[in-house]
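Written out below as structure tokens is the structure these notes cover.
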Amino acid sequence: MPKHLKIAIAGLGTVGSETLRLLTDQADLIFSRAGAPITVSAISARQRDKDRGIDIGKFKWFDDASLMASNSDADIIIELIGGADGVAYDTCKSALAKGRHLVTANKALVAHHGLELARIAETSKVQLCYEAAVAGGIPI
């Protein structure tokens, strides 16, 4: 059986909260399809006490998403913060440099820093996944 995958989510707005909910509520279905357990091991957002419709108390919380990307035990970082620079950029760079795979739906980030991030991912031998950032509106 493949190893247990741990995911950290940076950004708990509408998309981030729903991603967290789906990964939690459908863990058994995801396990049956993926052939390995996939769990959320850490989360980060601007406001810890905001009502997101899901209990976040059982997840390791990081006030700083960039520190979460470098210091958590996650194999994969999902960046859903938004914006080309600042914390989103720092989080993605940190994740890739630490050898963590990265998934982002951040169009601005990919447009402005995609080549740089791809180079870091290649050097670190990890994946940079961004299809939702460039093809999210295409019906498949």
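Okay, here's what the table says:
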item: Convex hull (Cα only) mean projected area of the chain, reported in nm² to one decimal; result: 8.6 nm²
item: Exposure of L5 as accessible area (Å², to 10), given a probe of 1.4 Å and all protein chains; result: 50 Å²
item: Accessible heavy-atom area order of S66, S44, highest first, probe of 1.4 Å; result: S66, S44
item: Size of charge dipole - the chain - debye, nearest 20, with Cβ of Lys, Arg +1 and Asp, Glu -1, no other charges; result: 220 debye
item: Accessible surface of E116 - all protein chains present, 1.4 Å probe, nearest 10 Å²; result: 60 Å²
item: Between region 15-41 and region 76-113, the alpha-carbon center distance in angstrom; result: 21 Å
item: Accessible-area value, Y130, 1.4 Å probe, nucleic acids and ligands omitted, Å²; result: 100 Å²
item: Lysine pair count for the chain [Cα-Cα under 26 Å; pairs on different chains or 8 or more apart]; result: 23
item: Residue-averaged 222 nm ellipticity for the chain, from DSSP H runs of 4+ at -39500 (n - 2.57), nearest 500; result: -13000 deg cm²/dmol
item: Net length gained if the chain between N71 and T14 were fully extended (0.36 nm per residue, minus Cα distance); result: 18.0 nm
item: Accessible area per residue, Å², region 2-65 with all protein chains present, probe 1.4 Å; result: 60 Å²
item: Potential lengthening between C129 and T24 on full extension [0.36 nm per residue; Cα-Cα distance subtracted]; result: 35.7 nm
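The values are calculated or read from the model by the stated rules, or taken from the named source; none is laboratory data. Just so it is clear, the model here is predicted, and its values are computed rather than measured. Note that we place each Cβ from the backbone using ideal geometry, even for glycine, and neighbour counts take in every protein chain shown. Calculation scope for accessible area: heavy atoms of the full protein, side chains included, ligands and nucleic acids excluded. Shrake-Rupley method; radii C 1.70, N 1.55, O 1.52, S 1.80 Å.
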